[in-house]
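The values are calculated or read from the model by the stated rules, or taken from the named source; none is laboratory data. A quick note: this is a predicted structure, and the numbers were derived from the prediction, not measured. So basically every Cβ, Gly included, is an ideal-geometry build from the backbone, and we count neighbours across all protein chains shown.
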Amino acid sequence: MKEDLLEKYYAAGVIAAKILNNGAQEIRVGVSYLELVESIEARVKEEGADLAFPLNVSLNEDAAHDTASTRDDRVFSKGDVVKLDLGVQIDGYIADTATTVDLGNNGNLIEASRQALDTAIKKVRPGVTAGELGAAIQFEIESRGYRPVSNLTGHGLDQFVIHKPPTIPNIAINGGVVLEEGMVFAIEPFATTGSGHVNEKSRMEIYSQIAHKPVRIPSARAVIDSIQERRGLPFARRWLKDKKMELALAGLIRSQVLTVYPVLSDIAGSLVSQHEHTMIVTEDGCIVTTRMR
Ligand code: MN
Ligand code: MN
């Protein structure tokens, strides 16, 4: 990989690691969800970087894709299991990293996804298959009495691209992609007390542009203009400037200019933990870009 590309992946990783770590320490009972989200997102810009996607803050049975709405009045509560998932990009080169904060007594659940991630990272090297990583993740989580979420996976990364091969499963599969030097991907195990399968909820806060088509309705045009700088990366409904733009979203989805990422949840009352790092495969292992250094 070219030296200047590596530098951008590293720089994004350092910023993401620092901001995620500090942000996680600020989650306490009574803290405003909206204020936390906006404060962490602002710090990415203050560091001279951009967001790869809106900060995901997903509670309890929600595994992914929740973020604050414009007038979100939620506060963190005793017992909450809070997933913080941050994506930082520099010139489109992405650092994707996540951690879980326990406001209850769920230390073992949180440890399960943390250990699964650590074990999988130690196995990464050229020639290893994605299926072997999935098996290691599944073993670490099941041996602690939880289930891995089977329909969420790690994923390859590229400039302005969040999801591409290789897919890194959270369960054992036969084969899968053979890892090669220079591959960039995120591994993200989810451990759950629920079914091990997530479904879409009706709550929708995160969108991205998937096609360029003529758009004539002024409010829809305003949405498209305001998100051009995302270059296809996801954005939050909260980032749109007025209510008319929010109403235009449904039409843009119907005409397949935008796609939406509904909140993904395991069964009601279950608890889900997640840990995630981004890495680059080297000759004999990998460099984790999103670890605190
Ligand atoms: Mn992530
Ligand atoms: Mn990810």
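Some points to look at:
- Condition check for residue 261: among the hydroxyl-bearing types (Ser, Thr, Tyr) and within 16 Å of ligand 2 (Cβ to nearest atom): yes
- Restricting attention to the stretch 99-124, the residues that are surrounded by fewer than 19 Cβ atoms within 10 Å (Cβ to Cβ) and β-branched (Val, Ile, Thr) total 2.
- Residues (among the aliphatic types (A, V, I, L, M) and in contact with a Lys or Arg (Cβ under 7 Å, 6 or more places away or on another chain)) located in the stretch 192-231: 215
- Test: residue in the stretch 209-218 that is away from ligand 1 (no atom under 16 Å from the Cβ) and assigned by TED's automatic domain parsing to the domain that holds residue 118: no
- Annotation: of all residues in the stretch 1-34 being outside any helix (DSSP H, G or I) and of a type in the set (D, E, K, R), the one that is surrounded by the most Cβ atoms within 10 Å (Cβ to Cβ) is 26.
- Checked against (1) buried (at least 20 other Cβ atoms within 10 Å of the Cβ); (2) within 16 Å of ligand 1 (Cβ to nearest atom), residue 223 meets all criteria but (2).
- Filter pass, residue 79 being modelled with pLDDT of 95 or more and within 14 Å of ligand 2 (Cβ to nearest atom): no
- Each residue in the stretch 145-167 was checked for being under 14 Å from the mean Cα position of the chain (by Cα) and of a type in the set (A, V, I, L, M, F, W, C), and 4 pass.
- Residue among 153, 167 that is within 15 Å of ligand 2 (Cβ to nearest atom) and surrounded by 17 or more Cβ atoms within 10 Å (Cβ to Cβ): 153
- The C-beta contact set for the stretch 41-61 (first residue closer than 15 Å to residue 233 by Cα, second residue away from ligand 1 (no atom under 16 Å from the Cβ), distance under 6 angstrom, 6+ apart or interchain) comprises 49/90.
- When every residue of the stretch 227-241 is checked against the conditions, none turns out to be within 20 Å of the chain's Cα centre (by Cα), closer than 27 Å to residue 133 by Cα and exposed (fewer than 15 other Cβ atoms within 10 Å of the Cβ).
- Contact annotation: residue pairs with Cβ atoms under 8 Å, 6 or more positions apart or on different chains, pairing a residue in the stretch 271-284 that is part of a loop (DSSP other than H, G, I, E, B) with a partner that is of a type in the set (Ser, Thr, Tyr) and within 16 Å of ligand 1 (Cβ to nearest atom), are 275/99; 275/100; 275/113.
- Checked against (1) over 26 Å from residue 265 (Cβ atoms); (2) surrounded by 20 or more Cβ atoms within 10 Å (Cβ to Cβ); (3) not acidic (Asp, Glu), residue 48 meets all criteria but (2).
- The stretch 91-117, residues that are within 16 Å of residue 170 (Cβ to Cβ) and within 15 Å of ligand 2 (Cβ to nearest atom): 96, 98, 100, 113, 116, 117
- Among (1) in contact (Cβ under 8 Å) with a residue 40 or more places away in the chain; (2) within 15 Å of residue 32 (Cα to Cα); (3) within 18 Å of the chain's Cα centre (by Cα), the one test that residue 76 misses: (3)
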